[in-house]
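Remarks on the structure that follows.
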Amino acid sequence: MVFGSKRVRHAYFFVAATTPLDQQLAQRVFMMGSQQLRNSNPTFRNLFDQVEKKSNVLTIGAGRTPSIDNIEQTFQTWLQTRRITIKNIQSLYQQQIFFADGEDRAPFGGGSYGWVAAVYFELG
C-alpha cells in the first residue's frame, strides 16, 4: 500500500554483515535482503516496485557491523551521513523503514556470517 498519494522520492538501502563486505558479498546481501522483504511484506514490495521503475532514486551503502543486534543505530548513523535524521525511527517501521536479516555462508568455503538489510523510503 502506498500511503495516500505519497510516492517514493528516494530509497536508501543499507546492507551490513559481521564479516568484511566486498562488492560481490554486498550485492549478495542486497539480493537476499530485498528478496526476503519482497516475500514477507506487501508494503515493501509496493514501494520497492516504484523504485525499480525509476532511475536515480536508489542509494545503496554497505558496512561491517560487530553484531546485527545494533543495526538500528548503525543504519541511523549511515542515514545521517546522507543528511537524513529520523527522530522516532520505530514509528516508521513497516511503513517507510524495513529490516531483514539472516545468516549465510561465504562463497568458496568461507565461514558463516550474519547479515542485515535496512531500507528507508523517503516519500513525497
Segment 27-124: Cα Rg divided by the 2.2 N^0.38 Å rule of thumb: 1.10
The chain - accessible surface per residue (Å², probe 1.4 Å): 57
Segment 1-114: antiparallel DSSP beta bridges as a percent of all, rounded to 5: 25
Label point distance in nm, ARG38-THR81, each placed 7 Å from Cα along Cα→Cβ: 2.7
Helix-only CD estimate at 222 nm, as mean residue ellipticity for the chain, using -39500 (n - 2.57) per DSSP H run (n ≥ 4): -10500 deg cm²/dmol
Under 20 Å from LYS53, Cα to Cα: aspartates and glutamates that are on another chain or at least 8 residues apart: GLU122
Angle between the chain longest axis and helix 71-81 axis [Cα atoms, degrees, rounded to 10]: 60
Segment 31-124, accessible surface, carbon-and-sulfur percent (1.4 angstrom probe): 46
Helix axis angle, 23-40 relative to the chain longest principal axis, alpha carbon, degrees: 50
Euclidean distance between Cα centres, segment 47-116 to segment 17-45, Å: 8
For segment 58-97: rounded, prolate or oblate by the Cα gyration tensor [a/c cutoff 1.5]: oblate
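The values are calculated or read from the model by the stated rules, or taken from the named source; none is laboratory data. It should be emphasised that the depicted structure is a prediction, and the values quoted were computed from it without experimental measurement. Every residue, glycine as well, gets a Cβ built from its backbone with ideal geometry; the counts of neighbours run over all protein chains shown. For the accessible areas, the whole protein counts, side chains as well, though only heavy atoms, and no ligand, DNA or RNA atoms are used. Shrake-Rupley method; radii C 1.70, N 1.55, O 1.52, S 1.80 Å.
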